[in-house]
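The values are calculated or read from the model by the stated rules, or taken from the named source; none is laboratory data. For clarity, every value in this text was computed on a predicted model and none was experimentally measured. FYI the Cβ positions are ideal-geometry reconstructions off the backbone, even for glycines, and counts take in every protein chain you see.
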Amino acid sequence: MSQAERSAPNGADITTPNVARMYDFYLGGKDNYASDREAARKVLGVASEVPLAALENREFVKRAVRFLVREDIKQFVDIGPGLPTRSNVHEVVRQYEPQAHVVYIDNDPIVLSHSQSLLENTPGVAIIDEDLREPEHILSNPALRELISFARPVALCMTLVLHFIPDSGDPYGIVARLCEALCPGSYVVISHVTGDGRDPEALTEITDTYDQATAPLIMRSRTDIARFFDGFELVDPGVVFLSQWRSTGEFYSEGGTRWAYAGVGRKPGVSG
């Protein structure tokens, strides 16, 4: 057993593949364990470009955050951020708006442990132990309310996380409740894995692998993903593949991957 395994945070199950740690592996991180690597390699066996898609998502988030700061957004709530990597939301935001407030929300013990250590001496930035599946708990959390005022525009980020909620968990209802709390002029940022145009056998291998992990992977079509933006005005270019959302073209070759759609929406009206 490695030093990493020996030092796993209390409450962390390192024998079951963990979706956040698998994503860390795709990104080339070191905060993953043997079970995560084994599961991730099964996915890579039928989808070798997944690490590039993970990097594309990071680049999409950076572009979206820069856009939002230019739109004078100074409050960010990032649900399901995963393990800390380079260019986290607060790091990108504060390059342009040093006084911005950022709250991360996650319920994974390892994500919480690493993030709390990283953010310990960062005023205006916090991570809160809450579950996306319980929006009322999130919205009533005192630590969230201490840093975020829903009377002013907020950017709500849910990138590569909604596909871990099956239809039986009412993902559209969850997003609608969270967005209901946002005032006009707020934004929602979403990216979501898709199976559009993919080999059914490869998709089965991927979903079977995630069925053995801490959360299932629900691939949705572009039409289904666009539904998450109901009631919002889509920012140009709409719901598109990760590499197509306002890309400079510098990061990608051959047009990027086709494993996830992304979009940014604005809540209509004028904030008070």
>> Checking Ala20 against (1) more than 21 Å from Ser243 (Cα to Cα); (2) assigned to a helix (DSSP H, G or I); (3) of a type in the set (A, V, I, L, M); (4) at pLDDT 95 or above: exactly one of these is not met. Which one?
In response: (4)
> Within the group Cys157, Cys179, which residue is in contact (Cβ under 8 Å) with a residue 24 or more places away in the chain, surrounded by 19 or more Cβ atoms within 10 Å (Cβ to Cβ) and assigned to a helix (DSSP H, G or I)?
Replying inline: Cys179
>> Filter the stretch 109-131 down to the residues that are over 21 Å from Thr214 (Cα atoms), assigned to a helix (DSSP H, G or I) and of a type in the set (A, V, I, L, M, F, W, C) and list them by number.
In response: Leu118, Leu119
>> If the requirement is being touching a residue at least 12 places away in the same chain (Cβ under 8 Å) and more than 22 Å from Ile165 (Cα to Cα), which of these qualifies: Arg246, Arg258?
In response: Arg246
> If you go through the stretch 185-223, how many residues are surrounded by 16 or more Cβ atoms within 10 Å (Cβ to Cβ), assigned to a loop (DSSP other than H, G, I, E, B) and small (Gly, Ala, Ser)?
Replying inline: 5
> Which of the residues spanning the stretch 182-207 are of a type in the set (Gly, Ala, Ser), within 24 Å of Gly238 (Cβ to Cβ) and in contact with a helix residue (DSSP H, G or I) (Cβ under 6 Å, 6 or more places away or on another chain)?
Replying inline: Ser191, Gly195
> Which numbered condition trips up Glu134, out of (1) surrounded by fewer than 16 Cβ atoms within 10 Å (Cβ to Cβ); (2) at pLDDT 95 or above; (3) of a type outside the set (A, V, I, L, M, F, W, C); (4) farther than 26 Å from Pro171 by Cα?
Replying inline: (4)
> Are there any pairs, at least 6 apart or on different chains, whose C-beta atoms fall under 7 Å, with the first in the stretch 195-220 and acidic (Asp, Glu) and the second surrounded by 15 or more Cβ atoms within 10 Å (Cβ to Cβ), and if so, which?
Replying inline: Asp196/Arg222; Glu205/Lys42; Glu205/Val46
> Restricting the search to the stretch 92-108, which residues are of a type in the set (S, T, N, Q) and either in contact with a His (Cβ under 9 Å, 6 or more places away or on another chain) or not in a helix (DSSP H, G or I) (or both)?
Replying inline: Gln99, Asn107
> Taking only pairs six or more apart or across chains, which ones have beta-carbon atoms under 8 Å, a first residue in the stretch 91-119 that is closer than 21 Å to Ala64 by Cβ and in contact (Cβ under 8 Å) with a residue 12 or more places away in the chain, and a second residue that is part of a helix (DSSP H, G or I) and among the hydroxyl-bearing types (Ser, Thr, Tyr)?
Replying inline: Tyr104/Ser115; Asp106/Ser115
> Looking at (1) of a type outside the set (Val, Ile, Thr); (2) farther than 25 Å from Asp224 by Cβ; (3) modelled with pLDDT of 95 or more, which is the only condition Pro166 fails?
Replying inline: (2)
> For residues in the stretch 224-245 being hydrophobic (A, V, I, L, M, F, W, C) and part of a loop (DSSP other than H, G, I, E, B), which is nearest to Ala54 (Cα to Cα)?
Replying inline: Trp245
>> Let me confirm something: among Leu52, Leu68, which residue is in contact with a Gly (Cβ under 8 Å, 6 or more places away or on another chain) and part of a helix (DSSP H, G or I)?
In response: Leu52
>> Cβ-Cβ under 7 Å, sequence separation 6+ or interchain: first residue in the stretch 16-28 and in contact (Cβ under 8 Å) with a residue 12 or more places away in the chain and aromatic (Phe, Trp, Tyr), partner buried (at least 24 other Cβ atoms within 10 Å of the Cβ) and part of a loop (DSSP other than H, G, I, E, B). Which pairs?
In response: Tyr23/Gly82; Phe25/Asn32
